[in-house]
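Worksheet: the structure to be examined is printed underneath.
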Amino acid sequence: MNAKKKVLVIGSGGREHAVIRRLKESPEIETIYALPGNAGMKNDAVCVPIGAMDLDAIVAYAVRSAMDYCVVTPDDPLAAGLVDRLEGAGIPCFGPRQNAAVIESSKVFAKDLMRRYGIPTARYEVFTDCAAALAYLKTAPMPTVIKADGLALGKGVIIAGTLPEAEAAVRAMMEDHQFGASGDRIVIEEFLEGPEVSVLAFTDGKTLVPLVSSMDHKRAGDGDTGLNTGGMGTVAPNPYYTAEVAQTCMETIFLPTIRAMVKEGRPFKGCLYFGLMVTKDGPKVIEYNCRFGDPETQVVLPLLRTDLFTVMRAVTEERLDQVQVELEPGSACCVILASAGYPSHYDKGIPIDIPDTLRSSICFAGVAEKDGQLVTNGGRVLGCVATGDTLSDAISGAYSIADAIHFENKYCRRDIGKRALAALGE
Ligand code: AMP
Ligand code: GLY
C-alpha cells in the first residue's frame, strides 16, 4: 500500500471544517493541514498561518512540506488561479482551474454560457454603460434583479421592487463603484419566483454526481426578514427537490452545464454548486458557484456515506465514473450561531463556552484563541450540526446543541428548517 498522505485544505470557515472532519475519517490520510484554518479546528488539523490569497507563499509552503494533495474551497483563490499554480508545482488538487472557476467569478460569463447552450435561467441583458442600463430599466418589468458581474462578497445582487430602487442600484454599481471593478459590467435580469434549492455536485468534467439537496436561510432574521447574510442555517434534503425535479435538473441543467464547459475548453473539475429556483415553468439556474457552499457543506457532507478523499481523488484523476458514490438516507440541519449585529456591526473577542462533548458536532468559523480561551472572531461564529432519521429530529438536535453553547452576544435564527417542515406537511 502507498504511504499515507499529507493533505492541505485552503480556507478558514465552517465549510472547511466540515470538509476536514470528513477527510479525517479517511484511512489513507496521515495529517490534514488547514491554511489558515481557525482555532476551533486545532483538534482536527494543523493550522498554517498563511493567508488564503497569498498564492506565492501557499505554493512555496506546499512544495516545501511535500504535500500530497490540496483541497481549494474558497472562491477568491480559485478565481485567482491557485489550483493552476499548485498543479504547476506538481501537487494534485481538488477544485477547478481558473478558466473554469469563471463560472462563478463572472456572472456575465455564466449567463452567456446558459444562453448559448439553452440552459434554463432568468432572461437578462448585460450593460457596460450606465445610461443604456438606465434607459433599459424604463421598459423592464418590476421587481427586477441587478447583479454586479464580478465577485462581491455575496452582496452584488439587488432585488429592486420599483423603478427608483432599480435606478439607484444601477447608479450605486456603475457610477459610485460600490463594488469596485465588479460593478463595471452588470446584469439586469428577470425576477423569478419559487422555492430555492442548492445542489452541490462532484464532477470530473465528464461524470457528474449530485449530493443531497439542501436549503439555505440567507436572511438575518426569522421569517426571512432583515439583511442578506452568508447563510444563517441549512437543512438537507430540500423537500422541494423532488425526484422529478432532480431528473429534470440532471437533463436540462447539470449535464448540459458540464458539457458546455468542455466545449468551451474549460472543463470543470471539483464541486459545482447549482443555486436553483423551482419556478412554475420548471427549475432554473439562479447562480453557479465553483465550490462547496457555506453553510450547505455542513449538512451535505454528513449525508455522504462514501469516503470523501476517495471521491475527491477520483475527480482529480477523471475517473469519477468508477466510484460508487453512496448517500445516507436521513436528514441534517446546521444552525449558525452568529455575533448579534451581523452582518452589520458586531463585537469580537468574546469568550465562548462549549461543553466538551459537543465539540465534534460543531463546525467552527469566526473563532480565535486568546490566553488559551476560545473567543468570537467573526460574524458567523460556528455552526451546530445534527443528523437524524427525520428532518424534525435533525432540527431539534441542532437546536439542542445551539442552546448548550454560550457567549455574550450569541444570536441565531429560531426558524431554521421551518419552511422545509411545512413543505413536508409537518
Ligand atoms: P446570488 O448572489 O446570485 O446567489 O443571489 C442572491 C440571492 O438573490 C439568491 O439566493 C436569490 O434569493 C436572489 N436572486 C438572485 N437572482 C434572482 C432572480 N433572478 N429572481 C429572484 N431572486 C433572485
Ligand atoms: N451559501 C451560499 C454560498 O456558499 O454561496
Check: Could we say that LYS284 is touching a helix residue (DSSP H, G or I) at 6+ places or on another chain (Cβ under 9 Å), of a type outside the set (S, T, N, Q) and farther than 29 Å from CYS363 by Cβ here?
Finding: yes
Checklist line | Check on PRO329, within 14 Å of ligand 2 (Cβ to nearest atom), part of a loop (DSSP other than H, G, I, E, B) and under 28 Å from THR390 (Cα atoms) | finding: no
Notebook entry, point to check: For region 335-426, which strands (runs of 3 or more DSSP E) that fit wholly inside it have 3 or more residues that are touching a helix residue (DSSP H, G or I) at 6+ places or on another chain (Cβ under 8 Å) and surrounded by 16 or more Cβ atoms within 10 Å (Cβ to Cβ)?
Noted result: 362-364, 380-388
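A quick yes/no check of all residues on (1) touching a strand residue (DSSP E or B) at 6+ places or on another chain (Cβ under 9 Å); (2) in a loop (DSSP other than H, G, I, E, B):
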site: PRO27; (1), (2): no, yes
site: ALA34; (1), (2): yes, no
site: ALA52; (1), (2): yes, yes
site: ASP56; (1), (2): no, no
site: VAL59; (1), (2): no, no
site: PRO77; (1), (2): yes, no
Next item on the list: Mind listing whichever residues of region 282-306 are farther than 18 Å from LYS218 by Cα and within 16 Å of ligand 2 (Cβ to nearest atom)?
Entry: CYS290, LEU301
Note to self: For region 1-25: of the residues being within 27 Å of ALA338 (Cβ to Cβ) and in a strand (DSSP E or B), which is nearest to ligand 1 (Cβ to nearest atom)?
What the structure shows: GLY11
Item checked: Residue in region 133-169 that is farthest from ligand 1 (Cβ to nearest atom), counting only those that are in contact (Cβ under 8 Å) with a residue 60 or more places away in the chain and touching a Ser or Thr at 6+ places or on another chain (Cβ under 9 Å) -> LEU151
Item checked: Odd one out for ASP176, checked against (1) closer than 22 Å to PRO143 by Cβ; (2) of a type outside the set (A, V, I, L, M); (3) within 16 Å of ligand 2 (Cβ to nearest atom) -> (3)
Item checked: Residue list for region 161-183, filter: under 26 Å from ALA79 (Cβ atoms) and either aliphatic (A, V, I, L, M) or exposed (fewer than 15 other Cβ atoms within 10 Å of the Cβ) (or both) -> ALA169, VAL170, ALA172, MET173, MET174, GLU175, ASP176, HIS177, GLY180, ALA181
Next item on the list: Report yes if ALA140 is out of contact with any Asp or Glu (no Cβ under 9 Å at 6 or more places or on another chain) and farther than 30 Å from VAL262 by Cβ, otherwise no.
Entry: no
Next item on the list: Look through region 226-277, keep the residues that are of a type in the set (D, E, K, R) and within 24 Å of GLY95 (Cα to Cα), and return whichever of them is surrounded by the most Cβ atoms within 10 Å (Cβ to Cβ).
Entry: LYS269
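Read-outs throughout are calculated quantities, based only on the coordinates presented, and are distinct from any laboratory measurement. If you're wondering where the values come from, they're calculated on a predicted model, not measured in any experiment. Don't worry about glycine lacking a Cβ; one is built from the backbone with ideal geometry, like all the others, and counts go over all protein chains shown.
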